[in-house]
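S.K.: The structure under discussion is supplied below as structure tokens; questions concerning it will follow.
The values are calculated or read from the model by the stated rules, or taken from the named source; none is laboratory data. Remember, it's a predicted structure, so these values are computed and weren't measured experimentally. Just so you know, the surface numbers come from the protein's heavy atoms only, side chains and all, with ligands and any DNA or RNA stripped out. Shrake-Rupley method; radii C 1.70, N 1.55, O 1.52, S 1.80 Å.
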Amino acid sequence: MKYCGKCKTLLADDTQTKCQKCGRKLIDDPSHYSPVYLITANGFEFERIRSAIDCADIPYSYHESVHDAGIQILNTAAPENCDIYVPFGSYYDAREILVGIGAWKEEDLLNFSEDDENRIMNAKKTADEEPELSPKKARIIRIVTMLVFLLVLVGVTFLADLIIAFFKGLF
């Protein structure tokens, strides 16, 4: 499995060294945070895919397709064609969701080798295993941050008073 850092696509063919779209050198092992192109959708299909990914708590981003020449009316409608990206660590889950809702068919999936499938699953496990701050630690960090901010404010005020007193003494 190869990854293009510019196009954000995964390629199942391990023999390629350059991306066919942009000509950039392919990466062998993307990090589990690397954005991966998932699908291009528009209109109702776009909203359906977004809500399915949202329900699964998978982080994603979308960008208007580069090749799209459509015009948004009053900037209130979703762009005509949007490319949806997910982190590499969430790619496997997002792919399964798209198959589950019928946005992809099983035969349209990239045929990764067993090693590549294991690499994708390990990236998911690595992303899932990252420790999150406990509520107690997060509260302590917020309190300490507020105290440091207050100390900085008091210090700036004190320093400003000293400077003003110095200039008053000159006149």
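S.K.: With every protein chain left in place, what is the accessible area of T145 in Å² (1.4 Å probe, nearest 10)?
M.R.: Around 80 Å² of this residue is reachable by solvent.
S.K.: Taking Cα centroids, how far is segment 148-166 from segment 19-66 in Å?
M.R.: Between the Cα centre of segment 148-166 and that of segment 19-66, the gap is 49 Å.
S.K.: Another question about this same structure. Keeping all protein chains in position, work out how much accessible area I143 exposes to a 1.4 Å probe, and write it in Å² to the nearest 10.
M.R.: Roll a 1.4 Å probe over it and I143 shows about 80 Å².
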